Amino acid sequence: MTDAFFTYRKNVLLARSPSTQIEGVCAASTGRSVPEEQEALLQQCLEEGAGNLPASESVPAVRKFSVTLTSDWLEGSELLMTSLSDLNTSPEVPRCSDQQLSELSTLASSELRDDAVAEPTRFPAEETVTVAGGAPWAAVVPQTDQQTAGCAGINVEVLNDDPAVLAWSLACDAGTVPPVLPAQPIQDAVPFYPVPTEVPYHEILWRDWEDLSVQPCVLEQVSKNSPLFEFRVMSYNILAQDLVEQGLDLYVHCHPDILNWNYRLPNLLQEIQHWDPDVLCLQEVQENHYWEQLEPTFKEMGFECFYKRRTGTKTDGCAVCYKHSRFQLISLSPIEYFRPGLDILNRDNVGLVLLLQPVLPEGLGLKAVSPLCVANTHVLFNPRRGDIKLAQVALLLAEIDKIARTAEGSYYPVILCGDLNSVPDSPLYKFIRNGELSYHGMPAWKVSGQEDFSQQLYSRKLLAPLWPSSLGVTDKCQYVTLCQPKKLGRREYSRDFLLQFRFCDAACERPPQLILLEGVTDAKPVASARVHSAVTAVLKRHHSLSFLGKQWLFMCRCSGVIQHGLNLTSVYSHFLPQRGRPEVTTMPMGLGTTVDYIFYSAEPVENKAGRRLYKDGALKLLGRLSLLSEDVLLMANGLPNPFCSSDHLCLLASFGLEISSL
């Protein structure tokens, strides 16, 4: 209640007075409390304001309780992450001058009169707050029996009177008091539930930290006295400003002021600085904002930053930042998914893959810790083109396979972050988590699960092979150049020698379970010269196999199955058991869904009903920041809102890497 009261009162002052006047009234530093001799004056103002209420709705007898103000007014996303205990430990407010207190009393009286006349039911009950034994303040008492069922439509008046919105709007014009903000035209919009005025935003949007360090695998590590290199990873789609301005119809529920970059940037930076990640993966980072504002700020925070803009004419991209005091760069590999001439890869999305070496603190002696592979990407949004999404993810996994592969053929621990524009349990999600997907004949819209286009008469279907061999990526999501066998005598069979078998009986016999594709798997190889050349290449690479084995190996390329061997699982479970609702990371047009993920390396245990189960290996999940459900975000009027300045929630997880002796 104290948090909500301070925020509301501050913003009312901002809305009712020029900012120059507010600065004099609300200036804060360490010092003494408000003098008690002002209490009678402000109490008289309160009584005058209450006198304007109808007799049936008069203010009840007031009660007093003491609170302590912080040295700085708390606002924005800081309230989301500030507890009452933090407020109680803050320094007190200094003594204000008589002129300042007079102005403050006048403002409070004016505000109470206006609200009592215009909206007599908006503040049904009030309390008197004694500030450090001094002047009383009016605070709203939550009404537990008040219902919000009648708020199905967008209440434009409530949105425009949002204290946080008015606070920022007034800060831009310090010399004048703005008129009443005009109502925003809203047509064909998805209904949103405005936040009840008696419930503060930060209580609605509160996110708990889930401590997972009590898991058996972590406790076993602690019992062995084996230290862990602990670090935090954040993944955040921060919503590029150019994309906001190009798609304003997606944000009709937002007041225009909270969509302004000058309002959003401080909120985003404050949120990142509060959670203090060691590795930061960002999507939708606008290029000019990155170079002019974000990178300089991140460097001051101790980050080393890398950025990759989307190809073509797009102005945003992906960024990966890491604390140079915690990690050192081993290798960097930016990825462009666009491939000229390939319809399956004709979009401008990008990714970044880094190999980082953790920096151990001094005093550990002869200790070592494994390098860490961090990948970040933003996959195509178009729900109808799941074939492109799948090809982009396959390219990313091939790059991770190259960067994270050890000399022995195993993999360093991998953390994959990004906006994959696919929902949990969709085929694309299952491919990443289970390591295998049979895609042949699947409708393209079904790959991501974002929308259901099953009622359409025609829909694009995925055919095998999904991408041509010229891409240089196998169906196991590995680069061909890296998985070719290096054996002596591999050139033993010449091209002319192999070509003499192209019309033999074994080559012309079609396997009974092979899907017939005209020009690719016809009964007679003479139908396609391209097939002959591909067969020859496969036979030359795999000379140690029998001739029939080589022929079968080529046919498997057309089986419609792709795989990878990275063993990745999700940090989040995508369900909130305490609420009985799914987690959401974004809310396009008022519909909550999960499209953002943090995957990490784990050890597979077993496959159960087609779902691979994992346990923590060398990389252990120690904790995560809880997500929210759709109904909670609807109470805060969706995303973005005055406290969350992106249309996505940030993801945050804490990991531990095993430290071993040399």
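The values are calculated or read from the model by the stated rules, or taken from the named source; none is laboratory data. Note that the coordinates shown come from a computational prediction; the quantities given were computed from them, not determined experimentally. Here the Cβ is made from the backbone with ideal geometry for all residues, glycine too, and neighbour counts use every protein chain on show. In case anyone asks, the SASA skips ligands and DNA or RNA and just uses the protein heavy atoms, side chains included. Shrake-Rupley method; radii C 1.70, N 1.55, O 1.52, S 1.80 Å.
Label-to-label distance, Trp291 versus Leu243, with points set 7 angstrom from Cα along the beta-carbon direction: 2.1 nm. Highest mean first, the peptides 345-352, 627-634 sorted by other C-beta atoms within 10 Å per residue fall in the order 345-352, 627-634.
What ranking, highest mean first, results for peptides 604-610, 581-587, 334-340 when packing means the other Cβ atoms within 10 Å averaged over each residue?
Per-residue mean Cβ counts within 10 Å order the peptides as 581-587, 334-340, 604-610.
Projecting the Cα atoms of Asn421, Asn434, Leu463 onto the charge dipole of segment 404-480, computed from C-beta unit charges around the Cα centre, puts Leu463 farthest toward the positive end. Taking 0.36 nm per residue of sequence separation and removing the Cα-Cα distance, the Arg495/Phe338 pair yields an extension gain of 53.2 nm. Lys476 sits with roughly 120 Å² accessible to a 1.4 Å probe, with DNA, RNA and ligands left out of the calculation. Counting every C-alpha pair in segment 309-415, the share spaced more than 22 angstrom apart comes to 41%.
Stretching the chain fully between Leu514 and Gln455 yields a gain of 18.3 nm (0.36 nm per residue, less the alpha carbon separation).
Accessible area per residue for segment 558-662 is 33 Å², calculated with a 1.4 Å probe on protein heavy atoms, without ligands, DNA or RNA. Of the accessible area of segment 360-414, computed with a 1.4 Å probe over protein heavy atoms only, carbon and sulfur atoms account for 55 percent. The slack between Ser325 and Glu230, meaning 0.36 nm per residue of separation minus the straight C-alpha distance, is 32.9 nm.
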